[in-house]
Amino acid sequence: MEEKKTTKPATARTSAKKTASTKTVAEKTKAPARKADKQVKITLIHSAISTTPKQRATLKALGLKKINQTKIMPDNAAVRGMIKVVAHLVQVVE
């Protein structure tokens, strides 16, 4: 009363499809090539005394603690937004 299941043997055509479409994880997740990674140089020129807590937190996120301290950050929208918040405290060189 048992039914036997038959399976088709793998043909050359089906196995060729599998090998042709197989890519490594690195090839699938490869980021598109960028032109040049631009960077921006940020220097703290004024004290963080008497600034709002948001501005102090932004300076901390930028890694600026002392006057005349300089950090080189990537030039992207997130960093540009942080610079805008503390523009009166920092000097930016592109």
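Please treat every number below as a calculation from the coordinates, not as lab data. Quick caveat, the model's predicted, so the values are computed rather than measured. Here Cβ is always computed from backbone atoms with ideal geometry, including for glycine, and neighbour counts include all displayed protein chains.
Summary table below
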item: Long-range HN-HN contacts of residue 69 with modeled amide H, under 5 Å; result: 44
item: Distance between modelled label sites at residue 76 and residue 92, nm, 7 Å Cα→Cβ extension; result: 1.6 nm
